[in-house]
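Reading through the structure tokens given below for one structure.
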Amino acid sequence: MTRLTRAVHIGVFALACGLAVTAQARSDASFLKQAAQNGNAEVEASKLATTKAQNPEVKAFAEAMVTEHSKVADELQSLAASKNVKLPDGPSVMQKTELKMINAGDDAKFDDRYTRNFGVKAHQSTIKLFEEAAQNAKDADVKAWAQKTLPSLKHHLEMAQALAPAKK
């Protein structure tokens with residue numbers, strides 16, 4: 001093998017390794033950004049529920065979600081800053097649409113819409129996201145944070161499922 005050929009092979013290998021590391025970092029960054037959007041959506045929906053919910057249990061759940069997801073958001077912000085990842089400051093477009101949908105329609109059914117969409121479905125989706133990161137994140141800090149946060153998300157899901165409107 002000539003010196004030039006060897007240099008080219010080493011260069012290609014180094015480039016491939018660099019791209020793999022970049023892809024892994026991008027994957028962890030995507031998780032952090034999606035986690036932020038999910039949390040932002042949960043807080044917005046829950047703030048709405050603190051004023052619109054009619055069932056005192058739903059209202060109490062919403063208040064707990066605002067408090068707990070705001071705390072998680074602060075932790076996430078610190079983690080993302082340490083990884084040089086800029087987080088979105090609101091829900092995704094799809095989540096904003098869902099927020100509008102739970103706010104529209106018969107107020108007597110608001111509790112059901114909120115509990116079903118942001119209590120149960122959103123937590124199920126977020127749990128899947130966090131389980132994936134807890135197993136596959138390449139960054140040890142990201143992986144540890146996902147693992148640490150998962151039990152409280154699962155508890156939130158259990159709380160939501162226990163609410164009367166969610167049992168329908």
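The values are calculated or read from the model by the stated rules, or taken from the named source; none is laboratory data. Every value quoted in this text rests on a predicted model; they were computed, and no experiment measured them. Because the Cβ atoms are built from the backbone with ideal geometry, glycine has one as well, and the counts that use them run over all protein chains shown.
Assorted remarks:
- Condition broken by G90, with the remaining ones in (1) small (G, A, S); (2) touching a residue at least 60 places away in the same chain (Cβ under 8 Å); (3) not in a helix (DSSP H, G or I) satisfied: (2)
- When G119 is tested against (1) touching a helix residue (DSSP H, G or I) at 6+ places or on another chain (Cβ under 7 Å); (2) under 19 Å from S70 (Cβ atoms); (3) loosely packed, with under 15 Cβ neighbours inside 10 Å, only condition (3) is not met.
- For region 126-136, the condition of being surrounded by 21 or more Cβ atoms within 10 Å (Cβ to Cβ), touching a residue at least 60 places away in the same chain (Cβ under 8 Å) and over 30 Å from Q54 (Cβ atoms) holds for at least one residue.
- Residue satisfying all of: in region 61-76; surrounded by fewer than 16 Cβ atoms within 10 Å (Cβ to Cβ) and in contact (Cβ under 8 Å) with a residue 40 or more places away in the chain; farthest from L48 (Cα to Cα) among these: E75
This table checks each residue for (1) modelled with pLDDT of 95 or more; (2) touching a Ser or Thr at 6+ places or on another chain (Cβ under 8 Å); (3) assigned to a helix (DSSP H, G or I).
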position	(1), (2), (3)
H9	no, no, yes
A35	yes, yes, yes
A49	yes, no, yes
K59	yes, yes, yes
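- Within the option set N84, N40, being in a helix (DSSP H, G or I) and either modelled with pLDDT of 95 or more or over 27 Å from E132 (Cβ atoms) (or both) holds for one residue only, N40.
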